[in-house]
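J.: Below are the structure tokens for one structure; questions will follow.
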């Protein structure tokens, strides 16, 4: 997270327009926020719970893990999230603790600076060789297909598979069971095909299919596992200068 923070919180990425809309998108996304207190060596997680443009304040969840010394009113917080497919950075001052629907929270002053990294956030990242293995699509009324994962997101993937020998793949086809291992951990879920393409080789070969897949009926642990992998891989690619 610090690598992205060091890149993002610069004057070149500072924006002054549409702060309200950006914050509302960030809230609706229900994504985790990374939070850093400048001068603190630790990174924390939170979530944007409420945006009040009239009162010029934000409510975020308590920091996790909590700081040994609780932040004080007036302390500056750097918050990092995603909205509209882009990294968004907020530079806010803590107003004080807040009781939010019976749970502890933090009340922040309206951001005095907002930053956006002007590139698409890589919700879909290329996978490292060996990270996704044993990928198989179990089709209704047709033979199962083994495939190779090319890139992955928290809710989908793009794969390459041999052309079926019985029934052709079709967009919007429902896959009752999709199975693969992510870094050795088994994931099983339903899926739906979003697109099917037949890339042609130099000699007109159409023996493979490129398939976009939306993962369905994922459990919360599976969603968190995919999200953690995509975030980590995204940071690796950003650090290596490949994005």
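J.: Express the relative contact order of the stretch 125-239 as a whole percentage, based on alpha carbon pairs under 8 Å and six or more residues apart in sequence.
T.: Here the relative contact order equals 26 percent.
J.: Could you work out how far the C-alpha centroid of the stretch 24-39 sits from that of the stretch 55-81, in angstrom?
T.: 10 Å
J.: Using alpha carbons only, how many degrees (0 to 90, rounded to 10) separate the axis of helix 19-29 from the longest principal axis of the chain?
T.: With both axes taken from Cα atoms, the answer is about 50 degrees.
J.: Suppose a student asked you for the relative contact order of the stretch 2-116, using Cα pairs under 8 Å spaced at least 6 residues apart; what percent would you report?
T.: 28 percent
J.: Quickly rank 90-98, 135-143 as a protection proxy: mean count of other C-beta atoms within 10 Å, highest first.
T.: Ranked from most to least packed, the peptides come out as 90-98, 135-143.
J.: What share of all Cα pairs of the stretch 125-239, in percent, falls into each consecutive 5 Å distance bin?
T.: Histogramming the stretch 125-239 at 5 Å steps yields 2, 11, 22, 25, 18, 12, 6, 3, 1, 0 percent.
J.: Moving on. Only Cα pairs under 8 Å and at least 6 apart count here; give the relative contact order of the chain as a rounded whole percent.
T.: Taking the mean separation of contacting Cα pairs over the length of the chain, I get 14 percent.
J.: Next up: Cα centroids of the stretch 98-116 and the stretch 126-196: how far apart, whole angstrom?
T.: Between the Cα centres of the stretch 98-116 and the stretch 126-196 lies a distance of 40 Å.
J.: Ok, one more. Going by average Cβ density within 10 Å per residue, which order do the peptides 45-56, 65-76 take, highest to lowest?
T.: 45-56, 65-76
J.: Then there is this: Sum -39500 (n - 2.57) across every DSSP H segment of at least 4 residues in the chain, then divide by the residue count to get the 222 nm mean residue ellipticity, nearest 500.
T.: It comes out at -5000 deg cm²/dmol, rounded to the nearest 500.
J.: Now for a separate question. Taking every Cα atom in the stretch 2-116, find the radius of gyration and the maximum pairwise distance Dmax, and write them in Å.
T.: 13.0, 40
J.: Helix 220-239 sits at what angle to the longest principal axis of the chain, using alpha carbons and giving 0 to 90 degrees rounded to 10?
T.: That helix lies at roughly 80 degrees to the long axis.
No value in this document is a laboratory result; all are computed from the given coordinates. It should be emphasised that the depicted structure is a prediction, and the values quoted were computed from it without experimental measurement. Note: ideal-geometry Cβ built from the backbone for every residue, glycine included; neighbour counts use all protein chains shown.
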